[in-house]
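Here's the structure, in structure tokens; my notes come after.
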Amino acid sequence: MTPRTSTLLSTLALAAVLAGCSSPVKLDEPAPVESREPASAASQPGAGAGATATGTPQSQVSTVDLERQRAAEEQARLAASLPRSLYFDFDSYVVRAEDRPALEGYARLLTAQTGRKMALEGHADERGGREYNLALGQKRAEAVSSALELLGVNRSQLEAVSFGEERPADPGHDEAAWAKNRRVDLKDR
Amino acid sequence: MSRRVLPRRQFLAAASGLAVLPAWAQFRVEIAGIGMRQIPLAVASFRDELSSGVPVSEVVRADLLRSGLFRLIEAPDAMDERSQPVLADWRARGADALVAGSVSRLADGRLDVRHKLWDAVKGEELIGRSQTVLPADLRLAAHRVADEIHENLTGERGVFSTRITYVVQQGPRYSLVVTDADGENAQVALNSPDPIISPAWSPDGKSLAYVSFESRKAVVWVQDTQTGQRRMLANFRGSNSAPAWAPDGNSLALALSRDGLTQIYSIPAAGGEPQRLTSSRAIDTEPVYTADGQQIYFVSDRGGGPQIYRMPAAGGRAERVSFDGDYNISPSVSPDGRSLAYISRVSGGAFKLMTLEVASGTVRTLTSTRDDESPSFAPNGRLIVYSTRADGRDVLMTTTLDGRIKTRLLTSGADVREPAWGPFGR
């Protein structure tokens, strides 16, 4: 490298530094806040422009774990495929045999994601007293809760509650409507 | 259909998203039994009652008529409590008794309501009385006049000045309403987008306990009706429901599922740690205290279907009380403790209001309807209020214990249910 070219480079470097210094600093703007974005977002190509601002160390390497990613996708698929309600026979709080796979699915989800919490909302059809129906709905919700606990789910992830006959899925007054109303709704909390 | 402009108050309520109470009138006599002895009585218009805003004598007459125990005889207008009626003349006109009175405004704005009751048979004055009330309590004063007449002529305390609470549902809106015992003067204690069930009066008539689903589960609240102040009484894991006040007002029995199955507990009225009263492997719910506070009636399906049981108020050995039929729920104990009103599923799947004489086990059906629910005794034990279904709606009715006289709260456009008759006094 000739002295001339070296002088030229240092001039350019200085200009760059000066240009950097001359960029106006707005004192009335709030100080930058540390970004809480997940590492995966920061490691996306093209996110480099904001790298210094978000405080990601330049030497960081983020791991993409395809196995975990696939498991998460699978869980999301599983969650979407599971029925939101389980139905019960008249005067019964026994989980039907045909609902076993659904329960196993929920158990897999809840044991894989121990931070996940669900409300099990029991319901009864309109026949009979409101308080007794509330207790019947509760018993149905407890039955689903017990079944999930037997499949390894931690009890603290579940709360069995009841709406009795107060929130029918079908407002009708015949057996077809009642069959839809004797149910436990599984809801994320 | 008529299109009329909403009155300003209703319009504001609608605009602000509050439930507007449906139009309704008082409890009207629907079925009057025949062959009953009715006391013939004349109630004169109270002097100056028209300027007071409440037709006092009309309220009194309507109360007495509704009880089914009285028959009204025309009375002249020009009378008040200072009149000196010739009782022999009234006797000749067929009246056993005569009432007259007046309403006058005092300097401080309050009203002085006076009345006198004469016994035309014995030819003597029975009572003379004066009540000083706020203008807003004039209807209450009229109900008290009717109560006194009832007590003097029948020997039993009237319940006209008591109150009833119930739940109104209009589409997705729920209201807890308090009315006079005649169904008039409806006031909303709570509006909610979520269901409300099982209201229960405190023994002093000042607070209501009820179950609200506003937090996506059944939670028991207690609310002061006068101030509207409310607090959570029981919000444990699972469902919290079926509150019933102990007669001393210091604690409540209720149904909790905190330990898995729905069981009966008692909890201090101020809140705190519940004490478990039943330990069964079945559903135990709907506790109610006897008036002496010694025992609790409740519903349990420990024997299969739901039946009514009785146990000591502190818990302990329970004995079955209902035996007819395979589904007996919702007990209400008469004030003298001698009978229960409850709901029984009878053949054909109908749910009927029944009474059970505890000592003899005699069961009696009181209605011809199919969907009776939630019976509640009046504090004098002579009437029961309950809900049933008529014309596709939940409606409220009252019945005498012999089933002979029934009244219905006329409502339109709403379901009305879960009635609870308040205590004497307020």
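Could you tell me which residue of the range B:103-113 is surrounded by the most Cβ atoms within 10 Å (Cβ to Cβ), considering only residues that are in contact with a Lys or Arg (Cβ under 9 Å, 6 or more places away or on another chain) and touching a residue at least 40 places away in the same chain (Cβ under 8 Å)?
That would be B:VAL113.
Matching residues to (1) modelled with pLDDT under 95; (2) open to solvent by less than 10 Å² (accessible area, probe 1.4 Å); (3) over 17 Å from A:LEU134 (Cα atoms):
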site	(1), (2), (3)
B:LYS217	no, no, no
B:ASP224	no, no, yes
B:MET232	no, no, yes
B:ASN240	no, yes, no
B:TRP245	no, no, yes
B:ASN250	no, no, yes
B:SER266	no, no, yes
B:MET311	no, yes, yes
B:ARG320	no, no, yes
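Do we find a residue being touching a strand residue (DSSP E or B) at 6+ places or on another chain (Cβ under 7 Å) and farther than 17 Å from B:ALA146 by Cα anywhere in the range B:95-104?
yes
Exactly one condition in (1) among the hydrophobic types (A, V, I, L, M, F, W, C); (2) under 23 Å from A:HIS173 (Cβ atoms); (3) in a helix (DSSP H, G or I) is false for A:PHE90; which is it?
All conditions pass for A:PHE90, except number (3).
For (1) crowded, with 24+ Cβ neighbours inside 10 Å; (2) within 11 Å of chain B (Cβ to nearest Cβ); (3) of a type in the set (A, V, I, L, M), each residue gets a yes or a no:
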{"site": "A:MET118", "(1), (2), (3)": "no, no, yes"}
{"site": "A:GLU126", "(1), (2), (3)": "no, yes, no"}
{"site": "A:ARG130", "(1), (2), (3)": "yes, yes, no"}
{"site": "A:GLY137", "(1), (2), (3)": "yes, yes, no"}
{"site": "A:ALA143", "(1), (2), (3)": "no, yes, yes"}
{"site": "A:GLY152", "(1), (2), (3)": "no, no, no"}
{"site": "A:ARG155", "(1), (2), (3)": "no, yes, no"}
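Please verify whether A:GLU98 is in a helix (DSSP H, G or I), within 14 Å of chain B (Cβ to nearest Cβ), open to solvent by 20 Å² or more (accessible area, probe 1.4 Å) and without any contact (Cβ under 8 Å) to a residue 24 or more places away in the chain, treating the condition exactly as stated.
Values: in a helix (DSSP H, G or I): yes; within 14 Å of chain B (Cβ to nearest Cβ): no; open to solvent by 20 Å² or more (accessible area, probe 1.4 Å): yes; without any contact (Cβ under 8 Å) to a residue 24 or more places away in the chain: yes.
Answer is no for this residue.
Please go through the range B:45-79 and pick out each residue that is farther than 30 Å from B:GLY403 by Cα, free of Cβ contacts under 8 Å to residues at least 60 places away in the same chain and buried (at least 19 other Cβ atoms within 10 Å of the Cβ). Give the steps one after another, and end with the answer.
Pass one, the range B:45-79, residues farther than 30 Å from B:GLY403 by Cα: B:45-55, B:75-79.
Those still in the list that are free of Cβ contacts under 8 Å to residues at least 60 places away in the same chain too: B:45, B:47-51, B:55, B:75-79.
If the condition is that a residue be farther than 30 Å from B:GLY403 by Cα, free of Cβ contacts under 8 Å to residues at least 60 places away in the same chain and buried (at least 19 other Cβ atoms within 10 Å of the Cβ), then B:SER45, B:ARG47, B:GLU49, B:ALA75, B:MET79 are the ones that fit.
Answer yes or no as to whether B:ASN191 is part of a loop (DSSP other than H, G, I, E, B) and open to solvent by 10 Å² or more (accessible area, probe 1.4 Å).
No; evaluated as a whole, the condition is false for this residue.
Please state which one of A:TYR87, A:TYR106 is buried (at least 24 other Cβ atoms within 10 Å of the Cβ), of a type outside the set (A, V, I, L, M) and touching a helix residue (DSSP H, G or I) at 6+ places or on another chain (Cβ under 8 Å).
Result: A:TYR106 is the single residue among A:TYR87, A:TYR106 that is buried (at least 24 other Cβ atoms within 10 Å of the Cβ), of a type outside the set (A, V, I, L, M) and touching a helix residue (DSSP H, G or I) at 6+ places or on another chain (Cβ under 8 Å).
For the range B:235-301, which fully contained strands (runs of 3 or more DSSP E) count at least 2 residues that are aliphatic (A, V, I, L, M)?
B:240-245, B:251-256, B:263-268, B:295-300
So, of the residues in the range B:115-154 that are polar (S, T, N, Q) and farther than 18 Å from B:ASP80 by Cα, which turns out to be most open to solvent (accessible area, probe 1.4 Å)?
B:ASN152
The values are calculated or read from the model by the stated rules, or taken from the named source; none is laboratory data. Keep in mind that what you see is a predicted model, and the values were worked out from it rather than measured. Here Cβ is always computed from backbone atoms with ideal geometry, including for glycine, and neighbour counts include all displayed protein chains. Note: accessible area is taken over every heavy atom of the protein model, side chains too, but ligands, DNA and RNA are not part of it. Shrake-Rupley method; radii C 1.70, N 1.55, O 1.52, S 1.80 Å.
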